[in-house]
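What follows is a short report on a single structure.
The values are calculated or read from the model by the stated rules, or taken from the named source; none is laboratory data. As the structure is a prediction and not an experimental result, all values here were calculated from the model. Cβ: placed from backbone, ideal geometry, glycine included. Neighbour counts: every protein chain shown.
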Amino acid sequence: MSLFVASSTGAPTRTIARDAASRLVKTGAIHTAHVVGYKRGWRVLLTYDMTELPVATRRGKARVFKRHKTIVSCLRDMGIVRFDVDAHRCDASAESLTISRSNAGERLCAESHASDRPL
């Protein structure tokens, strides 16, 4: 697997895969981790070779985290236990950064009842 993941949108932004980041943390090549707030969530930027690279999703896009708990878990899995937070661009007036979803069981039940009805 390659160290860097090219963006699937063709944008010049490079990202770094989590498994590659874990290997680089073990060798001491990643020096710092920054958690940066944006309007729709948080991104984790890792400093490698004087370049800040966002942590990638499986498809190569920069991952956007919704919860701090997930960020801490991800960073610990990579071997990073200290990081700084930049909330300058974060929208603190937003009610919640979490995605609201209806109960899946209720939705499936409603869909099955709807399909039982005659047209």
Residue count, segment 10-24, condition farther than 23 Å from SER73 by Cβ, modelled with pLDDT of 50 or more and in a loop (DSSP other than H, G, I, E, B), comes to 1
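Those residues that are in contact (Cβ under 8 Å) with a residue 40 or more places away in the chain and surrounded by 15 or more Cβ atoms within 10 Å (Cβ to Cβ), I need them from segment 64-94; list them, please.
Result: CYS74, LEU75, MET78, ILE80, PHE83, CYS90.
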Could you give me the residue pairs with C-beta distances under 8 Å whose first residue belongs to segment 42-58 and is closer than 13 Å to ASP84 by Cα and touching a residue at least 12 places away in the same chain (Cβ under 8 Å), whose second residue is among the aromatic types (Phe, Trp, Tyr) and part of a strand (DSSP E or B) wherever it lies, and which are 6+ apart or on separate chains?
TRP42/PHE65; ARG43/PHE65; VAL44/PHE65
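Mind listing just one residue for me: the one in segment 25-50 that is in a strand (DSSP E or B) and among the hydroxyl-bearing types (Ser, Thr, Tyr) and, of those, nearest to SER73 (Cα to Cα)?
Here is the first cut: in segment 25-50, the ones in a strand (DSSP E or B) are 30-38, 41-48.
Subsequent filtering for residues that are among the hydroxyl-bearing types (Ser, Thr, Tyr) retains 32, 38, 47-48.
On the way: THR32: 16, TYR38: 20, THR47: 19, TYR48: 20 Å.
So, considering only residues that are in a strand (DSSP E or B) and among the hydroxyl-bearing types (Ser, Thr, Tyr), the one nearest to SER73 (Cα to Cα) is THR32.
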